[in-house]
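The values are calculated or read from the model by the stated rules, or taken from the named source; none is laboratory data. No experiment lies behind these values; they were computed from the predicted model shown. Using ideal geometry, Cβ is built from the backbone for each residue, glycine included, and neighbour counts are taken over all protein chains shown. Note: areas computed on protein heavy atoms with side chains; ligands, DNA, RNA excluded. Shrake-Rupley method; radii C 1.70, N 1.55, O 1.52, S 1.80 Å.
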Amino acid sequence: MIASIDTSLIDWSRAQFALTAMYHWLFVPLTLGLGIIQAIMETLYVKTGKEYWKSTAQFWMKLFGINFAIGVATGLILEFEFGTNWSNYSWFVGDIFGAPLAIEGIVAFFMEATFIAVMFFGWEKVSKRFHLASTWLTIAGATLSALWILIANSWMQYPAGMHFNPDSVRNEMLDFWAVALSPVAINKFFHTVLSGWVTGATFVIGVSCWYLLKKRNTDFALRSIRVAAIFGLFASVILLWTGDGSAYQVAQKQPMKLAAMEGLYEGQEGAGLVAIGVLNPDKKAYNDAENPFLFKIEIPNMLSLLAERESDAFVPGIKDLIDGGYALSNGETALSASEKIARGRVAIQALADYRTALKANDEAAMKEHRATLDANFQYFGYGYLNEPSDLIPPVGLSFYSFHIMVILGGYLILLFIVVLLVARSGKIQHMNWLHHTALWSIPLAYIAGQAGWIVAEVGRQPWAIQDILPTVAGVSRLSTASVQTTFFIFLVLFTVLLIAELRIMVKAIQKGPETNTSSLK
């Protein structure tokens, strides 16, 4: 069904979008996290009247502004790519996917643009409380931007609140609130924003520990560490809860992604969660006799508990999802991948027949083909696949990305606890090992965030929209050479922007706060 599509075009289009998205996500989490931290510090300034909180907030606000500006540039390019590289996707679902993006641009981004100028330039021009309100409203705008973008992304993972119109060959929105308030969207929003908060807290602690290493701006650093450690620990604990929710939603809506995340080939009752494992590179096919792991340590029954809320529940593996035949939670028997592909092709043919009947104004035939299409539409996207194995995402990348994310998340929780306890004991100024650890933990927070997005996006392949549109059917018909050219243009551009941001931020950090008022009283 997809033999006529240039696979190199698909690969380069995916690579370009992944490049843009990963660069964009280098800037977004710090915007979300650092924005809240600076707002907390300004709130302390307004509440206490102490000038050192003002200078502390202004310093972190300067770094926030540098990061924010670069993030906007990469985000705009990312949205344009839906129209340039993924025009078939945009046509097929634009009525739904475009709605949250339009709200993001009209409402959330407008809030940011309106109040950010007051936040940066209004310190001596407006009252303390109005300035504080502008700061919080700027951060609220950034968070709302994330909300609407994540709603759009979540709809791709779990397409709800829609119906397919064969007359226009487009998916149309039936229920806006089903799209905006789907369980996947709500959980993804909190999990993603909280991960940004953790990144922001790690960044503040790491930079502050650099000042302690240099034995300068000590009071400023200690104030910042205390605020960031409390904030980071709070965010991390809630992140654990949303992570559990994410695992449950994946198990219910995208079981193949869960199986790839855990390297689970054979379904099990009372399935264990892999804590540490090494995949077997000789495992070439989902149904061969090779053991999936060279080595693994499991937490017994934990995967069943996460996926079904029952410790002895059955969790399907990759082989089960391809072969079908197991019992679903609703009492039905799971279809095999081959059956789904066959039904998908019936749906595609029914759509073609309906369109032919529409042109001929044959209402009886239209009704017949529409009924066939409606009965099989939930498998529509499967009809574009060639083989059942096309449904298996890259297992190695999904598995290792997921476990790197989890391990680093646990490490950062431990870091926040240690930093907070040591800071309260008054000994943190003399612990150079902890200063170095905190400083080098900054890139680890970014790696955890990137790994999470790899799990979310790579783990759902081959789907652009789960079960409805595979990635290969959503790509624009461009020349591969043009996509390759723009890929390298963006690679150079984004790298230059990243280097420029790092240089500007490093200079600002080396300069330090404008004033070094000095009391922790």
Qualifying trypsin sites (Lys or Arg not before Pro) for the stretch 267-371 [loop in DSSP, other Cβ within 10 Å: at most 13]: 284, 309
Over every pair of different alpha-carbon atoms in the chain, take the mean of 1/r and invert it; report that Kirkwood radius in Å. 25.0
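Counting only GluC sites (Glu not before Pro) that sit in a DSSP loop (anything but H, G, I, E, B) with at most 12 other Cβ atoms within 10 Å, what is the longest stretch of the chain containing none of them?
Here the longest segment lacking exposed loop sites spans 333-513.
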Suppose accessible area is computed on protein heavy atoms with a 1.4 Å probe; arrange 380, 121 from highest to lowest. 121, 380
Per-residue SASA entry for residue 353, accessible area with 1.4 Å probe, Å² rounded to 10: 50
Under the Karplus relation 6.51 cos²θ - 1.76 cosθ + 1.60, θ = phi - 60°, what is the ordered set of whole-Hz ³J(HN,Hα) values for the stretch 295-300, x standing for Gly and Pro? 6, 7, 10, 10, 9, x
Quick check: at a probe of 1.4 Å, how many percent of the accessible area of the stretch 98-183 sits on carbon and sulfur atoms? 73
Net charge dipole size for the chain [Lys, Arg +1 and Asp, Glu -1 on Cβ; Debye, nearest 20]: 2860
Under the rule a/c < 1.5 gives rounded, and otherwise a/b versus b/c splits prolate from oblate, where does the stretch 396-521 land using the Cα gyration tensor? oblate
Expressed in nm to one decimal, what extension gain is obtained for the pair residue 101 and residue 133 from 0.36 nm per residue of sequence separation less their Cα-Cα distance? 9.0 nm
Which loop chymotrypsin sites (Phe, Trp or Tyr not before Pro) in the stretch 271-358, with loop taken from DSSP, have no more than 15 other Cβ atoms within 10 angstrom of their Cβ? 326
The chain - mean residue ellipticity at 222 nm from DSSP helices (-39,500 (n - 2.57) per run, n ≥ 4, rounded to 500): -24000 deg cm²/dmol
Could you pull out every residue, at least 5 positions away or on a different chain, whose amide H is within less than 5 Å of the one on residue 123? Hs are placed 1.01 Å off N in the peptide plane, and Pro or chain starts have none. none
Å² per residue, accessible surface of the chain at 1.4 Å: 44
Skipping prolines and chain starts, which residues have an amide H placed within reach, meaning under 5 Å, of the one on residue 293, given they are 5 or more residues away or on another chain? 280
Amide H neighbours of residue 268 under 5 Å, at least 5 residues apart or on other chains, H built in the peptide plane: list them. 315, 317
Taking a cut-off of 24 Å between Cα atoms, list the lysines near residue 215, but don't count ones fewer than 8 places away on the same chain. 50, 54, 62, 427, 507, 511, 521
Could you give the length gained by full extension between residue 510 and residue 48, i.e. 0.36 nm per residue of separation minus their alpha carbon distance, to one decimal place? 163.5 nm
If you take the square roots of the eigenvalues of the alpha-carbon gyration tensor of the stretch 133-268 and sort them as a ≥ b ≥ c, do you get rounded (a/c under 1.5), prolate (a/b over b/c) or oblate? oblate
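What helices does the chain have that are whole DSSP H segments, at least 15 Å long along their own axis by Cα, and with mean Kyte-Doolittle hydropathy of -1.0 or more?
Long hydrophobic helices here: 7-48, 51-84, 87-103, 109-121, 128-157, 183-214, 218-253, 337-359, 363-376, 395-425, 432-458, 480-511.
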